């Protein structure tokens, strides 16, 4: 190792020892617990994960319990964290680990990459932290910090740029506890070397940072232009009976397996209502456009949903029930707390008055 690299590593680890964040998953050497934390932290803030991590482990304390659980129970415990494909992959991978690896998460990155949900970063980060495997791992924070530290040119997310970042990271990895260095880079990126306004004056690596020396650290790494936010009209049906609200199970897509209100999208509010009318007709319902409507909005994956909530009533008078063959089910408010319900559905249920507003 070059003396400069050793100096950088030692300085960063010294800073980390004094300034590292106190997080529920820090210090754990349980590969399963580390895996769960890394999956939760994908595209989700530390603050959101902090409040859910321990509850998830209490419900599913090990690989065996997670693998044995019904998928809907796992989705329900994940409810509100978003990006539900992560939970489905976590469950599917646990089933494979329980069946093929004796319930013990493998330590080899090449083996982990074969499991659902294990991309390049996850397959390196988990064994690095849990088993002390010397494998470079670069999430968005590591990518940003290392790019600035060595003024690595290139487009973030490209294979060429990622290889240069991993090569630089590997040079710095210590033989003992390499996961600490990865965690240190993550904390530095979260606390100091932030995307838009890095606090360079507080950085322990300032004197060695090539991007800071150039005077424009924010230009590293170069980012792809973001797609403009799409505006979408969205209509949801509010059908109730005896204090219950009607939900249908999404069969496929990124919300596959989750419960939601009957809903539809369109280019305009009128188009969304027409599409919704066709969908609820299959359930024996019609939209009551004379009833008061409620409205909400939700942003997800570069899409801004303008939501209109419309009452839905049965065509025929007398007793009516939604056909189970179409995946319909009635829920009491208290039952939603234990159901696999996405954040969007909870928001609509609150806006429509079925659930109490958040305080």
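The values are calculated or read from the model by the stated rules, or taken from the named source; none is laboratory data. Treat the numbers as computed from the prediction; the structure is a model and nothing was measured. Every residue, glycine among them, receives a Cβ derived from its backbone with ideal geometry; neighbour counts consider all protein chains shown.
Do you know which of the residues in the stretch 263-281 that are over 13 Å from residue 232 (Cα atoms) and over 30 Å from the mean Cα position of the chain (by Cα) is surrounded by the most Cβ atoms within 10 Å (Cβ to Cβ)?
Filtering the stretch 263-281 for residues over 13 Å from residue 232 (Cα atoms) gives 274-281.
Imposing the further condition that a residue be over 30 Å from the mean Cα position of the chain (by Cα) reduces the set to 274, 277-278, 280-281.
Working: 274: 14, 277: 18, 278: 10, 280: 25, 281: 13.
Here the answer is 280.
Of all residues in the stretch 146-182, how many are without any contact (Cβ under 8 Å) to a residue 60 or more places away in the chain and either in a helix (DSSP H, G or I) or under 16 Å from residue 208 (Cβ atoms) (or both)? Matching residues across the stretch 146-182 total 15.
Please count how many residues of the stretch 128-144 are free of Cβ contacts under 8 Å to residues at least 60 places away in the same chain, surrounded by 24 or more Cβ atoms within 10 Å (Cβ to Cβ) and either touching a strand residue (DSSP E or B) at 6+ places or on another chain (Cβ under 7 Å) or not in a loop (DSSP other than H, G, I, E, B) (or both). Looking only at that region, the number is 2. Counting only helices (runs of 4 or more DSSP H) wholly contained in the stretch 1-88, the ones carrying 3 or more residues that are surrounded by fewer than 19 Cβ atoms within 10 Å (Cβ to Cβ) and without any contact (Cβ under 8 Å) to a residue 40 or more places away in the chain occupy 3-19, 46-50, 53-59, 63-68.
When the residues of the stretch 336-359 are filtered to those that are outside any loop (DSSP other than H, G, I, E, B), touching a strand residue (DSSP E or B) at 6+ places or on another chain (Cβ under 9 Å) and modelled with pLDDT of 90 or more, which remaining residue is surrounded by the fewest Cβ atoms within 10 Å (Cβ to Cβ)?
Looking at the filtered set, the residue picked out is 350.
Put simply, of 55, 87, 94, 64 the only residue that is assigned by TED's automatic domain parsing to the domain that holds residue 117 and more than 20 Å from the chain's Cα centre (by Cα) is 64. From the list 242, 230, 225, 236, the one residue that fits, being touching a strand residue (DSSP E or B) at 6+ places or on another chain (Cβ under 6 Å) and at pLDDT below 95, is 230. Going through (1) free of Cβ contacts under 8 Å to residues at least 12 places away in the same chain; (2) farther than 25 Å from residue 293 by Cα one by one, residue 250 falls short only on (2).
One residue stands out among those in the stretch 145-160 that are modelled with pLDDT under 95 and within 24 Å of the chain's Cα centre (by Cα): the one that is surrounded by the most Cβ atoms within 10 Å (Cβ to Cβ), which is 156. Regarding residue 124, is this residue over 18 Å from the mean Cα position of the chain (by Cα) and assigned by TED's automatic domain parsing to the domain that holds residue 45? For residue 124, the condition - over 18 Å from the mean Cα position of the chain (by Cα) and assigned by TED's automatic domain parsing to the domain that holds residue 45 - is met. For the stretch 191-204, residues that are out of contact with any helix residue (DSSP H, G or I) (no Cβ under 6 Å at 6 or more places or on another chain) and either surrounded by fewer than 22 Cβ atoms within 10 Å (Cβ to Cβ) or not assigned by TED's automatic domain parsing to the domain that holds residue 42 (or both) total 8. Filtering 119, 179 for residues that are out of contact with any strand residue (DSSP E or B) (no Cβ under 6 Å at 6 or more places or on another chain), buried (at least 17 other Cβ atoms within 10 Å of the Cβ) and on the phi < 0 side of the Ramachandran plot leaves a single hit, 179.
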